[in-house]
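The values are calculated or read from the model by the stated rules, or taken from the named source; none is laboratory data. If you're wondering where the values come from, they're calculated on a predicted model, not measured in any experiment. Note: ideal-geometry Cβ built from the backbone for every residue, glycine included; neighbour counts use all protein chains shown.
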Amino acid sequence: MTSVRITRTALTRGSLAALSGLLAGFAALTVAELVSAAVRPEASPVTAVGGAAVDRTPAGVKDWAIRTFGESDKLVLQLGIVATLALFAVAVGLLALRHRRTGSAAVLAFGAVGAAAALSRPDSAGFTDALPSLIGAVAGALLLYVLVGRLTAPRADPRGEGGWDRRGFLVAAAAAAAASTAAGALGRTLNSRSAQDAIASRDAVRLPAPASPAEPIPAGARLRVPGLSPFTTPNDRFYRVDTALVVPKVDADTWRLRLHGLGVRRELEFTYRELLERPLIEREITLCCVSNEVGGPYIGHARWIGVRLADLLKEAGVRPPSRGGKADQIIARSVDGMTLGTPVEDVMDGRDAMLAVGMNGEPLPFTHGFPVRMLVPGLYGYVSACKWIEDIELTTFDAYDAYWVKRKWAREAPIKTQSRIDTPKPFGRPEAGTVMVAGVAWAQHRGIEKVEIRVDDGPWRPAQLAEQSTVDTWRQWSYPWRATPGGHTLTVRATDGTGETQTEERTGTVPDGASGWHSVVVTVD
Ligand SMILES: Nc1nc2c(c(=O)[nH]1)N[C@H]1C(S)=C(S)[C@@H](COP(=O)(O)O)O[C@H]1N2
Ligand SMILES: [Mo]
């Protein structure tokens, strides 16, 4: 009898100790959330640890994560962190049952990890960023100490069961759970309130008419083939690639951009309003990501409005290296500490590089860089398209490596000529007869001159090209295929405006973009 009872009591105490660990972890995170509302939302521990993990992820793994989880990669990462924390919390609770102080010390150690992660972020605002993790950890450590104390306290009431204070524990645990939930909810509310000003400032924006409107997209540039990507990608379907676990919500009314550095004769600084008062250009530009594998989805097309970046550089007295300028690299810095390096020569060679404020007729969405982002036709996003930009510094490639360059990606990365079959889909089962094969091809700033299709090992045959909008846009194509029953492999390749045909040689995305031909295998019924 007695032994059974002891075992059951031990079991119960074990699970209550595990629960104590979980409650302590929960309290630590919710208190941290509340403190982060007073510091910065980005300094909350899960965001900080996640961000630090992203910073340290090798290029290959980051690429794998983007491929496997797509744009849910950030959610997966955060869920992974929370699940790991929960496991550790259970372990720390069990540890505390035997060694009460050591358990609390372990919670403090976790807080130190969170604080270190927050301080290591490129956008760290200094020591205050450590406070959410540290204060949260102290709250968690104290709570664990108190709860486990109830589990190990000598019987308070001679009529109570077991050798510990069950009622005292339950009351304390319930109170802790309620207080943590309240702290978390309050923290969330305050954090979202700090975004309200930014949302209001975006709502108030009326984009002026561009001084230099875009050439209209020729009607012949859009093919009507079911399954083909639309020429213009709607904003809510435009791919998103960045390292931000919390999308920066920048208030346009307090935003400033500074332009300075090597070879700058007059430093410039302007507000959002001042930027909008300048003559604006409107251009059709297709943006793509260096992490886009052959056949991949990380490419989109939009009509952008912005200020010509070369004009600002000239105003500041900057000359390109080909005309004796000292700086060959522009470092664009975002509010979240991201740095992107772009060749000065490319920006000043006459192409439509811009500081964009509008995307498809509306102010930039927050996810795509509101209030202002950079765009340089012909270059992959990671060397040109800084979102949430706040600083432009002229320097040299020798003097400074930007964020991705420090992580094994190439210093310079013009977009490689590529083509993609959008329809039929891989492993599709079209019916025998004429099947419309269609897709897109791109070689930004060189243009697409030819697209060819090969069926199985047959000869290359020219696809029908839609009209070219501009050399900075992708180009649709289609190919009416006389499909015969059985399995077939369709392959596409493009030739750019300089006459160069896309290479067959398959390379991965690291260090300067994938190459190779896109193939789709189908079974014709
Ligand atoms: N601030 C900031 N800007 C950034 C990035 C980032 O991580 N942070 N990612 C770059 C990369 S790799 C690409 S491909 C483009 C993607 O822009 P989009 O998300 O608007 O499609 O943004 C670029 N600008
Ligand atoms: Mo990218």
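Yes or no, residue by residue, for (1) more than 27 Å from the chain's Cα centre (by Cα); (2) outside the structural domain of residue 474 (by TED's automatic domain parsing); (3) under 18 Å from residue 367 (Cβ atoms):
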residue	(1), (2), (3)
237	no, yes, yes
266	yes, yes, no
278	yes, yes, no
307	no, yes, no
313	yes, yes, no
335	no, yes, yes
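What residue, of 71, 42, is modelled with pLDDT under 90 and in contact with a Ser or Thr (Cβ under 9 Å, 6 or more places away or on another chain)? Even if it seems obvious, please write down each step before you answer.
On the way: 71 fails: in contact with a Ser or Thr (Cβ under 9 Å, 6 or more places away or on another chain).
Just one listed residue meets the conditions, 42.
Can you name every residue in region 384-398 that is touching a residue at least 60 places away in the same chain (Cβ under 8 Å) and either more than 15 Å from ligand 2 (Cβ to nearest atom) or out of contact with any His (no Cβ under 7 Å at 6 or more places or on another chain) (or both)? Let's see the steps before the verdict.
First, pick out the residues of region 384-398 that are touching a residue at least 60 places away in the same chain (Cβ under 8 Å): 385, 387-397.
Of everything in region 384-398, those that are touching a residue at least 60 places away in the same chain (Cβ under 8 Å) and either more than 15 Å from ligand 2 (Cβ to nearest atom) or out of contact with any His (no Cβ under 7 Å at 6 or more places or on another chain) (or both) turn out to be 385, 388, 389, 390, 391, 392, 393, 394, 395, 396, 397.
When residues of region 264-312 are filtered for being outside any loop (DSSP other than H, G, I, E, B), crowded, with 18+ Cβ neighbours inside 10 Å and hydroxyl-bearing (Ser, Thr, Tyr), how many remain?
Residues flagged as outside any loop (DSSP other than H, G, I, E, B), crowded, with 18+ Cβ neighbours inside 10 Å and hydroxyl-bearing (Ser, Thr, Tyr) within region 264-312 amount to 2.
Yes or no: region 241-257 includes at least one residue that is in a helix (DSSP H, G or I) and either of a type in the set (A, V, I, L, M) or more than 30 Å from residue 321 (Cβ to Cβ) (or both).
no
Select, from 309, 257, 268, the only residue that is without any contact (Cβ under 8 Å) to a residue 60 or more places away in the chain, touching a helix residue (DSSP H, G or I) at 6+ places or on another chain (Cβ under 9 Å) and within 28 Å of residue 398 (Cβ to Cβ). Walk me through how you get there before you give the answer.
Values: 309 fails: without any contact (Cβ under 8 Å) to a residue 60 or more places away in the chain; 257 fails: without any contact (Cβ under 8 Å) to a residue 60 or more places away in the chain.
Of 309, 257, 268, the one residue that is without any contact (Cβ under 8 Å) to a residue 60 or more places away in the chain, touching a helix residue (DSSP H, G or I) at 6+ places or on another chain (Cβ under 9 Å) and within 28 Å of residue 398 (Cβ to Cβ) is 268.
Do we have residue 298 as more than 16 Å from ligand 1 (Cβ to nearest atom), more than 14 Å from residue 352 (Cα to Cα) and among the aromatic types (Phe, Trp, Tyr) here?
Working: more than 16 Å from ligand 1 (Cβ to nearest atom): no; more than 14 Å from residue 352 (Cα to Cα): yes; among the aromatic types (Phe, Trp, Tyr): yes.
Spelling it out, it is not the case that residue 298 is more than 16 Å from ligand 1 (Cβ to nearest atom), more than 14 Å from residue 352 (Cα to Cα) and among the aromatic types (Phe, Trp, Tyr).
What do you reckon, is residue 337 out of contact with any Leu (no Cβ under 9 Å at 6 or more places or on another chain), at pLDDT below 95, away from ligand 2 (no atom under 16 Å from the Cβ) and over 14 Å from residue 395 (Cβ atoms)? Please lay out each step first, then the result.
Numbers: out of contact with any Leu (no Cβ under 9 Å at 6 or more places or on another chain): yes; at pLDDT below 95: yes; away from ligand 2 (no atom under 16 Å from the Cβ): yes; over 14 Å from residue 395 (Cβ atoms): yes.
It is true that residue 337 is out of contact with any Leu (no Cβ under 9 Å at 6 or more places or on another chain), at pLDDT below 95, away from ligand 2 (no atom under 16 Å from the Cβ) and over 14 Å from residue 395 (Cβ atoms).
Listed here are the residues, each with its yes/no results for (1) touching a Leu at 6+ places or on another chain (Cβ under 8 Å); (2) of a type outside the set (Gly, Ala, Ser); (3) in a loop (DSSP other than H, G, I, E, B).
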position: 400; (1), (2), (3): no, yes, yes
position: 403; (1), (2), (3): yes, yes, yes
position: 421; (1), (2), (3): yes, yes, no
position: 425; (1), (2), (3): no, yes, yes
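Say we look at region 173-223 and pick out the residues that are in a helix (DSSP H, G or I) and in contact with a strand residue (DSSP E or B) (Cβ under 8 Å, 6 or more places away or on another chain); which of these is nearest to residue 467 (Cα to Cα)? Spell out the reasoning first.
Restricting attention to region 173-223, the residues satisfying the condition of being in a helix (DSSP H, G or I) are 173-203, 219-221.
Adding the requirement that they be in contact with a strand residue (DSSP E or B) (Cβ under 8 Å, 6 or more places away or on another chain) leaves 202, 221.
Numbers: 202: 35, 221: 4 Å.
Among residues in region 173-223 that are in a helix (DSSP H, G or I) and in contact with a strand residue (DSSP E or B) (Cβ under 8 Å, 6 or more places away or on another chain), the one nearest to residue 467 (Cα to Cα) is 221.
Which of the numbered conditions does residue 232 fail, given that it passes all the others? Conditions: (1) within 16 Å of ligand 1 (Cβ to nearest atom); (2) in contact with a His (Cβ under 9 Å, 6 or more places away or on another chain); (3) not in a loop (DSSP other than H, G, I, E, B).
Evaluating residue 232 over (1) within 16 Å of ligand 1 (Cβ to nearest atom); (2) in contact with a His (Cβ under 9 Å, 6 or more places away or on another chain); (3) not in a loop (DSSP other than H, G, I, E, B) leaves (3) as the failure.
Considering only region 341-360, I want to know if a residue exists there that is under 16 Å from the mean Cα position of the chain (by Cα), closer than 28 Å to residue 202 by Cβ and touching a residue at least 40 places away in the same chain (Cβ under 8 Å). Break it down stepwise before answering.
Going through region 341-360, the residues under 16 Å from the mean Cα position of the chain (by Cα) turn out to be none.
No, because not a single residue in region 341-360 is under 16 Å from the mean Cα position of the chain (by Cα), closer than 28 Å to residue 202 by Cβ and touching a residue at least 40 places away in the same chain (Cβ under 8 Å).
Give region 482-525 a look and list any residue that's part of a loop (DSSP other than H, G, I, E, B) and buried (at least 18 other Cβ atoms within 10 Å of the Cβ), or say none.
Residues of region 482-525 that are part of a loop (DSSP other than H, G, I, E, B), as a first pass: 484-485, 497-500, 502-506, 508-514, 516-517, 525.
The answer is 502, 509, 510, 512, 513, 514, 516, 517.
Tell me yes or no: at least one residue of region 429-437 is buried (at least 22 other Cβ atoms within 10 Å of the Cβ), in a strand (DSSP E or B) and in contact (Cβ under 8 Å) with a residue 24 or more places away in the chain. Before you say what the answer is, go through the steps one by one.
Initial filter on region 429-437 (buried (at least 22 other Cβ atoms within 10 Å of the Cβ)): 437.
Still in the running and in a strand (DSSP E or B): 437.
Among the residues that remain, those that are also in contact (Cβ under 8 Å) with a residue 24 or more places away in the chain are: 437.
Yes: region 429-437 contains one or more residues that are buried (at least 22 other Cβ atoms within 10 Å of the Cβ), in a strand (DSSP E or B) and in contact (Cβ under 8 Å) with a residue 24 or more places away in the chain.
Report yes if residue 293 is over 23 Å from residue 349 (Cβ atoms), in the same structural domain as residue 365 (by TED's automatic domain parsing) and within 16 Å of ligand 1 (Cβ to nearest atom), otherwise no. If you could, list the steps in order and put the result at the bottom.
Working: over 23 Å from residue 349 (Cβ atoms): yes; in the same structural domain as residue 365 (by TED's automatic domain parsing): yes; within 16 Å of ligand 1 (Cβ to nearest atom): yes.
Judged against the criteria, residue 293 is a match.
Filter region 355-383 down to residues that are aromatic (Phe, Trp, Tyr) and within 16 Å of ligand 2 (Cβ to nearest atom) and give me whichever is surrounded by the most Cβ atoms within 10 Å (Cβ to Cβ).
Going through region 355-383, the residues aromatic (Phe, Trp, Tyr) turn out to be 366, 370, 380, 382.
If we keep only those that are within 16 Å of ligand 2 (Cβ to nearest atom) as well, we get 380, 382.
Numbers: 380: 27, 382: 25.
Of everything passing the filter in region 355-383, 380 is surrounded by the most Cβ atoms within 10 Å (Cβ to Cβ).
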